[in-house]
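Below is one structure; the comments refer to it alone.
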Amino acid sequence: MNLGAICASETGRMRGTYTIVLACERPMRVRFGKLGRVKVKIGHYLYTGSALGLGAVSLEGRLTRHNRSFKKKRWHIDYLTARRGCKLEGAVYLISNKRFECKINRAIRKNMNTQAILQHLGASDCKCEAHLVRVTETLSKIKLLNRLKQTYSRFGVARLYSGEDF
């Protein structure tokens, strides 16, 4: 199922947890609001979030927002998704009314080689080290998305779509 079909049929009603895959194609220094500046290296980054509302804060709304370059910066992830040289390559999501964001984030951190690039980045409302992390091993986009889908499947039916679907 692709995002276009979801948006056309559901109009911003899906709730759940998602992880987006970003590819940063060049090194850059990024200021993440009040948390500070950090050097972002070339490679893949993962951001795990929850979307438990309707409309703009639904799964469709959040994923559409993350794929836009031009937006008001509200969340830590916006400072990266708004940069040239970083593109959304895909996402894995789970439809649920429950908040699985921290549990899935911990499972990803445990089962994949990742590193927090800044303490509490993307996780200012919880006790997790970070919800925006760098993948420290070299994986193709397909392998990375499949590993995420495998991790998500422990929590329910994992759904996958690629950046071309946006």
Query raised in the report: Could you list, in sequence order, the residues of the stretch 104-115 that are closer than 15 Å to I20 by Cβ and part of a helix (DSSP H, G or I)?
Result: I104, N105, I108
Query raised in the report: For the stretch 142-158, what are the residues that are surrounded by fewer than 14 Cβ atoms within 10 Å (Cβ to Cβ) and not polar (S, T, N, Q)?
Result: I142, K143, R154, V157
Query raised in the report: So, of the residues in the stretch 131-166 that are farther than 12 Å from Y45 by Cα and part of a loop (DSSP other than H, G, I, E, B), which turns out to be nearest to the chain's Cα centre (by Cα)?
Result: F166
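Out of G55, G33, report the one residue that is more than 16 Å from the chain's Cα centre (by Cα), at pLDDT below 95 and within 27 Å of T114 (Cα to Cα). Reasoning before the result, please.
Values: G55 fails: within 27 Å of T114 (Cα to Cα).
Within the list G55, G33, the selection yields G33.
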**Report entry** Those residues of the stretch 17-38 which are in contact (Cβ under 8 Å) with a residue 24 or more places away in the chain and of a type in the set (K, R), in sequence order
**Finding:** R26, R31
**Report entry** Failed item, numbered, when I117 is tested on (1) in contact with a Lys or Arg (Cβ under 6 Å, 6 or more places away or on another chain); (2) without any contact (Cβ under 8 Å) to a residue 60 or more places away in the chain
**Finding:** (2)
**Report entry** Every residue from the stretch 104-146 that is within 24 Å of F32 (Cα to Cα) and of a type in the set (S, T, N, Q)
**Finding:** N105, N113, T114, Q115, Q119, S124, T136
Query raised in the report: Just for the stretch 60-103: of the residues that are more than 24 Å from G33 (Cα to Cα) and in a helix (DSSP H, G or I), which one is modelled with the highest pLDDT?
Result: K103
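Do you know which residues across the stretch 46-69 are hydroxyl-bearing (S, T, Y) and either free of Cβ contacts under 8 Å to residues at least 60 places away in the same chain or surrounded by 23 or more Cβ atoms within 10 Å (Cβ to Cβ) (or both)?
Scanning the stretch 46-69 gives Y47, T48, S50, S58, S69.
The values are calculated or read from the model by the stated rules, or taken from the named source; none is laboratory data. Only a predicted model underlies this, so the values are computations on that prediction, with no experimental measurement involved. In this analysis, Cβ positions are derived from the backbone assuming ideal geometry, glycine residues included, and neighbour counts consider all displayed protein chains.
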